[in-house]
Amino acid sequence: MSYSPQLRLEDYSQYAGVGTIYQNNNVDLIEVDSINNSIGNGVDNNSKLRSQIETHEKVQLVFDESDSNDSNSTNSTNSTNSLSIVSQNDDVNDYKSRIMTTTIVTTTVTSVNSSSKNSVSSHKSAPSLSKFLSFNLKGKFNRSRSPKHVRMLSELKIPVPENNETIIFMSKVKKLDSHTFKKSSNNFIILTKKWLYGFKNIEKASKIFVNSPPPLARDNIDYNSIIISTKNLPSENIVLSLSTVYSVREVSSPEKHIRIDYILGPKNHDHITILSPDIELHHQWLITLKSTIRNADSVGPYLTLNQREWFMKKLKLLDDLADDDENNLVSFRVLLKSSIENDIIKDTNFPVIFILGKNNVYFIPFDLIGNDDDNNDNNFINNNNHKKQSSFLSKEIEFHKYQYPLLCLKNIFTNKVIDTFQLTFKNSLNSMKRSLVISSIIAETIILEIRMAIDSITYWWPNPGYKLKTPKNLQSMILSPERESNKTSEILMGFDRMIEAQCHANKVNRSRINFNVEYVLGSESVMLGLEVNNLPFRFILLPPKDSKSGHNDVYSNQELVTIFNSLIYHPLLHEIILRDINLFELQIQPGPKRHKGRNMLGSVLYDILLSNPRLVKLDLTSCGITSETVSIIGQAFMSGQSCLECLLLSDNPITREGAQALASGLTGHKSAIKELDISNCKLTHDSIEYILHALDTNDPSKLEVLNLSNNMCDLESNILTELLSKTISLRSLNLRNCSKFFIHMITPVISIETLGNTQLTTLNLGGVSLNDHNHINALYAYIQSPAFAKLRFFNIEDCNLGGEMIAIILSYVTTSPNSKKIRVWAGGNHITRTLQGFKELCNAINNNWTPTWLSLRYTMFGSNLEMVNDFLQTFCENSVIKYLDLSYPYFNAPIASRVTKTVNKACEVIGKVFRENQSIRELHLNGDSERRFGPSLGISLSGLKDNDTLEKLFIKGNAIGDRGALSLSEALKSNRKLKSLDIDENEIGIDGYSAINYVFTSGSNLSVKHFTYPIQDLETYENKRDLSFNPPTIKRMALEKEKRKANLRRVLDEIMDSIKQFNNFDSTNDAFNE
């Protein structure tokens, strides 16, 4: 009968201490001392498994005593057996010394009958180890202990004990318990520098002393003078090699004892427990064991090269590998002492592998290592159990079950017992909360590696994102990565790294998050001439990359929290632009407990405002925020820690309570507000007054931009004029559609007294009725004042002005020093209300009493043919205007035919403008379904043949059709000046675009450099066909429609390619000329 080592190892794996990591979410931080009393003694009490062990130990095998080196052995039975040692090379890496090879020893035991005379013995391993392991065992194989743990030390390249060893400590113990040893079989243990030995009593131990055995009084023993000889030491007395230990800890229940976890081989582990007779001896053993094991050349916590390579392969699949060098993989064998969830401690006490990834830490059960790898050690697969083992290997390990994001780590806690530490993980949405208590002899190293990994992500944070409660010497061990953290390039790369780590922390798909990061070129640092490396930057959040119809066109709450958490504590973050990003759903979710933010959006905004010292601008335009969030912003201002200067809240409804809270915050804000946009917020008159009073209180001289537009409410006080008179730095004022602001005011808003001291460059009065005598006269006076000379953008659209008032305003603007720089919007007014006013306006345009940039979009032309003719004719004579916008004209008449005649006449005159005007460089004639020049405009485009000044033409939305496109193509053959062209939304088909394409592909026109791709024409294109006979099926119609679109798309692509080639050719010529 033969005994196979594979069977023994297979049986051994049944009781090796396999456990399960608990995955519950709600775990609170607890003190390690408080959990000691609840932790198990680590001793296996499973009687069923122990019976299996004992069954395997009762194999009737007897060893041949002729090979024994045990001087204490007795006579054997009549049966004769031999022990043979067979070794073979394997790639087992020593982590600390980087030695990549070692020797693995396997053992084969052959049993023969008493009549057998032959025994097999093969020695391929080191002779010293083979000799050391060739010992006699008295009696049968069911003796007190098996030497299996000793034989497996060769796999770890552990040398045999030295011949003479100095004792570190020794004593009688109450119990020495292990899976490998039977209970109470060893009551006297001896500790040397590298080994722990166990004997039944001191009399048995005395046989290995070189000199006389010492007395048992511990206080009088000089251990340095005590030497033992292991030359004739039976291997059964070796408890363990100290270098194989990876955890030593004290267990309090049911009795205080010491648990030592160690490895039997690269893939096997075990533990022993030591119960001392009194508490004093217990503490002495605990202290001595820890210090001695620390000084041993440990291999217990470390993995082999093959194991590290296996983990690296898994981390690569998860995109979580920090370094491709296997020697740099941070991986250790540790003991998972317990998991804590909902204040309930669950003892686990099983070994796990700690793996540190780029964004996560992993605690993988030790027995799962390599279980889904086809290249497992064949020594662990027995032919009789191959089917069972193969099915086990086929199970793929789900690493995410054992994954803990680095940025979710909230607490690192240790007591005076440095070998045990607790990690508490909790994510921002409170959906995951868990604590793990870890025991390891290299706990300091593990804590340091974790802290360094987190610091590599959050290095710009003033404080780590976790609470650290450790001894002072461990707190000072953190080493920051070497980097130039003040450089913008490092900061920007670090920001993307932060986004990646936060995505792991919140289980978010990184590919969906879409943003831009750009320098703030107009910032104060640029004006001060600071280095480029210190430039602040602007963060712009864009819609998700895979935005489609449905829920994917908005960010989820988890994604938004991920983004916001990445923005805190950034030293160069200057502006945050969240415009048009839907944030409403995030306000429904409650904020963290004991946080001033009552909802999650308010909480993260509050943290961002207080944690970023250089953040001066926050744009929340059209984000769907509520008054509750606005109130939280006000609280952030009142805290005195926010430095925000620009707040944009446009298109978000704000209630009276929200406005009042914001006003309170503005009053107590430590930084004066420079820009405030509360347009279209549906504010009531008292809400507006709250905010204006707050601005008036907190240094109004710093206010630069104020936007109150589209708030339809009365102002019953003069607070607006009082505030504006103090805003000496005001650059932009937007009062569009705020007509009711002007009703009750004694002093006009637009007057020299109010705006004379400002620095206005932008003034928008669109939609405000200015035909009141007081207001229009005040406006005339302001235009003629020196303060108006600074203006660059002036809007008086839809102000109920007649032709005469517009003529006066334009003539006054002409006399201003800024007439060549200012842009004037004067459309939407009734220029034909009176004949006299109409003539004065025509006279002003005809005599060049206009600025160079003029917009008359949405102008009400009426239906009088002569007036329309006379008005448009003036642009043929004007030689000042360079930019003209006549888009969206309004021709009103009771009879549709009369409107058609008026429009046709207008288009005829526009054709004349094309031919005769010598100053216009950019012309906008856009339209829509209700306001446009119509198909007649296409015919007028023939006037471009003789035009040598116009460079940009925009005529989209006029339905000129293929006929108009043909007219345009003919004009382009002769035109050599036009550079930019937009003709989309004109119902042009393949015939029209083919004609235009021919102009470009044939080289008839080489001047056009920019052609707007006609997306709308392509989408709405359908060939007109007569379907009265043999109508096709719906499917055939759809196929034909797609085919026609494909043909049109091909033509459009050819147009774009031709223009692109022209641009490349011109660029080459320019470079050659230079």
Qualifying residues in the range 697-726 (those that are modelled with pLDDT under 95 and of a type in the set (V, I, T)) - the one surrounded by the most Cβ atoms within 10 Å (Cβ to Cβ): T721
Residue within the range 238-255 that is among the aromatic types (F, W, Y) and touching a Pro at 6+ places or on another chain (Cβ under 7 Å) present: yes
Residue match in the range 240-248 (condition: surrounded by fewer than 24 Cβ atoms within 10 Å (Cβ to Cβ) and more than 20 Å from D347 (Cβ to Cβ)): yes
L586 being part of a helix (DSSP H, G or I), farther than 27 Å from T684 by Cα and among the hydrophobic types (A, V, I, L, M, F, W, C): no
Residues being touching a Lys or Arg at 6+ places or on another chain (Cβ under 7 Å) and at pLDDT below 80 - total across the range 502-552: 2
Filter result for I576 (within 22 Å of C503 (Cβ to Cβ) and either basic (K, R) or part of a strand (DSSP E or B) (or both)): yes
Counted residues, the range 891-902 - those being under 56 Å from the mean Cα position of the chain (by Cα) and crowded, with 16+ Cβ neighbours inside 10 Å: 1
Cβ-Cβ under 9 Å pairs, at least 6 apart or on other chains, the range 909-928 side closer than 13 Å to S879 by Cα and in contact (Cβ under 8 Å) with a residue 40 or more places away in the chain, far side crowded, with 20+ Cβ neighbours inside 10 Å and of a type in the set (G, A, S): V913/S940; V913/G943; E916/G943
Scope the range 987-1024; condition surrounded by fewer than 20 Cβ atoms within 10 Å (Cβ to Cβ), of a type in the set (D, E) and part of a helix (DSSP H, G or I); matching residues: D991, E1019
Wholly enclosed helices (runs of 4 or more DSSP H) of the range 597-706 bearing at least 1 residues assigned by TED's automatic domain parsing to the domain that holds L573, over 26 Å from the mean Cα position of the chain (by Cα) and not hydroxyl-bearing (S, T, Y): 627-638, 656-668, 685-697
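Kindly indicate whether any position in the range 970-979 is crowded, with 18+ Cβ neighbours inside 10 Å and in contact (Cβ under 8 Å) with a residue 40 or more places away in the chain.
Looking through the range 970-979, none of the residues is crowded, with 18+ Cβ neighbours inside 10 Å and in contact (Cβ under 8 Å) with a residue 40 or more places away in the chain.
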Checking L953 against (1) within 46 Å of the chain's Cα centre (by Cα); (2) more than 22 Å from A1046 (Cβ to Cβ); (3) modelled with pLDDT under 95; (4) surrounded by 17 or more Cβ atoms within 10 Å (Cβ to Cβ), the condition it does not meet: (3)
Some residue of the range 682-696 being polar (S, T, N, Q), at pLDDT 95 or above and buried (at least 19 other Cβ atoms within 10 Å of the Cβ): no
Unmet requirement for H773, which otherwise passes all of (1) modelled with pLDDT under 95; (2) farther than 30 Å from M867 by Cβ: (2)
Counted residues, the range 415-469 - those being surrounded by 21 or more Cβ atoms within 10 Å (Cβ to Cβ), assigned to a strand (DSSP E or B) and over 19 Å from the mean Cα position of the chain (by Cα): 11
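Here's the yes/no breakdown for (1) surrounded by 17 or more Cβ atoms within 10 Å (Cβ to Cβ); (2) part of a loop (DSSP other than H, G, I, E, B); (3) of a type in the set (K, R):
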{"position": "S769", "(1), (2), (3)": "no, yes, no"}
{"position": "I776", "(1), (2), (3)": "yes, no, no"}
{"position": "D798", "(1), (2), (3)": "yes, yes, no"}
{"position": "S819", "(1), (2), (3)": "yes, yes, no"}
{"position": "T832", "(1), (2), (3)": "yes, yes, no"}
{"position": "Q836", "(1), (2), (3)": "no, no, no"}
{"position": "L841", "(1), (2), (3)": "yes, no, no"}
{"position": "W849", "(1), (2), (3)": "yes, yes, no"}
{"position": "V868", "(1), (2), (3)": "yes, no, no"}
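Let's see how each residue does on (1) within 60 Å of the chain's Cα centre (by Cα); (2) modelled with pLDDT under 65; (3) surrounded by 13 or more Cβ atoms within 10 Å (Cβ to Cβ):
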{"site": "I190", "(1), (2), (3)": "yes, no, yes"}
{"site": "F199", "(1), (2), (3)": "yes, no, yes"}
{"site": "E203", "(1), (2), (3)": "no, no, no"}
{"site": "P214", "(1), (2), (3)": "no, yes, yes"}
{"site": "A217", "(1), (2), (3)": "no, yes, no"}
{"site": "N220", "(1), (2), (3)": "no, yes, no"}
Extreme residue, farthest from the chain's Cα centre (by Cα), among residues of the range 1011-1047 that are at pLDDT 75 or above and of a type in the set (F, W, Y): Y1021
Any pair with Cβ under 9 angstrom, 6 or more apart, that starts in the range 837-855 at a residue that is in contact (Cβ under 8 Å) with a residue 12 or more places away in the chain and farther than 23 Å from N764 by Cα and ends at one that is in a strand (DSSP E or B) and of a type outside the set (S, T, Y): G837/G802; G837/H830; F838/G802
Qualifying residue in the range 800-816 (condition: closer than 22 Å to F742 by Cα and under 52 Å from the mean Cα position of the chain (by Cα)): yes
Leading residue by the ranking (nearest to the chain's Cα centre (by Cα)) among those in the range 751-790 that are over 16 Å from L735 (Cβ atoms) and of a type in the set (S, T, Y): S785
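The values are calculated or read from the model by the stated rules, or taken from the named source; none is laboratory data. Please read all numbers here as calculations on a predicted model, not as lab measurements. All Cβ positions, glycine included, derive from the backbone under ideal geometry; neighbour counts span all protein chains shown.
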